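The values are calculated or read from the model by the stated rules, or taken from the named source; none is laboratory data. Since the structure is predicted, the reported quantities are computational estimates derived from the model, not experimental observations. Backbone-built Cβ (ideal geometry, glycine too); neighbour counts: all protein chains shown.
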């Protein structure tokens with residue numbers, strides 16, 4: 001054990017002195033997180049812009065006034081800032097065209113009377129410059145209100161045809177106009193296995209660059225094999241497994257430290273919480289174990305450092321992209337089941353559980369996936385031929 005620890009300490013000092021470890025394991029992923037957040041932040045978390053609605057409404061038309069009140073009620077809901085300003089009918093188009101207002105609303109004369117009599121009444125919505133989600137929301141509210149008023153008018157007309165008294169007709173119309181919708185939407189809480197867009201970005205990048213970080217142990221092993229140092233080490237009075245285990249420990253330690261720093265700094269900067277430190281620590285250890293197991297496969301199939309770097313890059317990018325390191329990937333069926341076996345996916349899913357308040361008891365599936373992945377990869381590494389054995 002003393003020989004193992006001595007070799008591990010020596011390799012760690014060599015890796016730390018090599019600034020590429022700090023650059024590629026910590027600085028590059030943090031910089032990439034910031035860049036991706038700047039590029040994709042507006043797409044995943046759009047900010048609603050203040051919207052002004054120019055409304056032309058007939059005087060003393062209660063239904064037309066109620067229609068405008070429905071638009072005005074949007075102000076302050078869900079981050080919307082809606083301002084409704086009266087305007088003459090002939091000026092609404094000019095205001096929208098000039099960009100003074102974002103939406104124009106034209107309610108024709110006789111709107112309420114037409115609805116009550118079952119006749120058609122056309123409401124015009126004019127979109128100004130910068131048409132976006134705000135204008136769509138206003139248009140949807142207007143359409144919904146008009147449909148509700150129309151339903152109330154038709155119900156009253158049907159009641160009148162049936163010979164109901166005027167008081168009953170008014171009650172029917174009022175009930176239909178104010179009835180709760182059959183289907184409704186309400187803001188809910190995300191599943192405990194879901195991270196916010198920023199949290200998923202931090203977790204995904206940490207998982208992706210973990211696969212690159214553990215590769216430094218492979219590089220050291222293949223380099224010593226090329227230079228002939230590995231042969232001299234094997235001739236020393238110590239078990240042969242000590243050499244490979246020392247390289248694996250270097251990868252393991254670097255992976256633990258780098259991933260912890262990435263989650264801590266990324267979480268602090270982007271204001272993302274990943275939950276219980278103990279649960280996150282156990283998840284990190286399992287993820288690093290799975291990533292380190294790949295080192296043994298690369299070490300057996302690569303004859304040169306260049307081949308090792310290429311193999312490591314291919315594996316890291318494929319697993320990282322498939323695991324949602326850059327953007328979430330959803331799939332069902334057998335494809336979804338295969339993607340769930342990805343260590344980056346399991347790592348991100350586990351962080352989603354801990355971020356949602358879950359503890360060690362809730363990490364059963366992600367931990368089992370990561371440890372099973374490591375076990376299978378180690379068996380594969382044992383079975384495949386060692387291409388560098390003759391060097």
Those residues of the range 211-263 which are surrounded by fewer than 20 Cβ atoms within 10 Å (Cβ to Cβ), farther than 18 Å from residue 5 by Cα and modelled with pLDDT of 75 or more, in sequence order: 260, 261
Evaluation of residue 73 against (1) at pLDDT below 80; (2) exposed (fewer than 15 other Cβ atoms within 10 Å of the Cβ); (3) under 24 Å from residue 147 (Cβ atoms) (one fails), failing number: (1)
Only one of 346, 325 that is under 24 Å from residue 254 (Cα atoms), modelled with pLDDT under 85 and surrounded by 19 or more Cβ atoms within 10 Å (Cβ to Cβ): 325
Options 329, 335, 314; residue that is outside any helix (DSSP H, G or I), without any contact (Cβ under 8 Å) to a residue 24 or more places away in the chain and either on the phi < 0 side of the Ramachandran plot or touching a helix residue (DSSP H, G or I) at 6+ places or on another chain (Cβ under 8 Å) (or both): 329
Check on residue 299, assigned by TED's automatic domain parsing to the domain that holds residue 218, crowded, with 23+ Cβ neighbours inside 10 Å and either at pLDDT below 90 or in contact with a strand residue (DSSP E or B) (Cβ under 9 Å, 6 or more places away or on another chain) (or both): yes
Hits in the range 254-290 (condition: closer than 25 Å to residue 31 by Cα and outside any helix (DSSP H, G or I)): 270, 271, 272, 273, 274, 275
Filter pass, residue 31 being in the same structural domain as residue 249 (by TED's automatic domain parsing) and modelled with pLDDT of 80 or more: yes
Matching residues, the range 291-306, being in a helix (DSSP H, G or I) and touching a residue at least 12 places away in the same chain (Cβ under 8 Å): 291, 292, 293, 294, 295, 296, 297, 298, 299, 300, 301, 305
Selected residue (only one of 36, 63, 43 is at pLDDT below 85, under 27 Å from the mean Cα position of the chain (by Cα), part of a helix (DSSP H, G or I) and crowded, with 17+ Cβ neighbours inside 10 Å): 36
Filtered residue count, the range 306-322, keeping only those that are over 17 Å from the mean Cα position of the chain (by Cα) and surrounded by fewer than 17 Cβ atoms within 10 Å (Cβ to Cβ): 7
So residue 362, is it touching a residue at least 40 places away in the same chain (Cβ under 8 Å) and at positive phi: no
Every residue from the range 109-123 that is in contact with a helix residue (DSSP H, G or I) (Cβ under 8 Å, 6 or more places away or on another chain) and modelled with pLDDT of 80 or more: 123
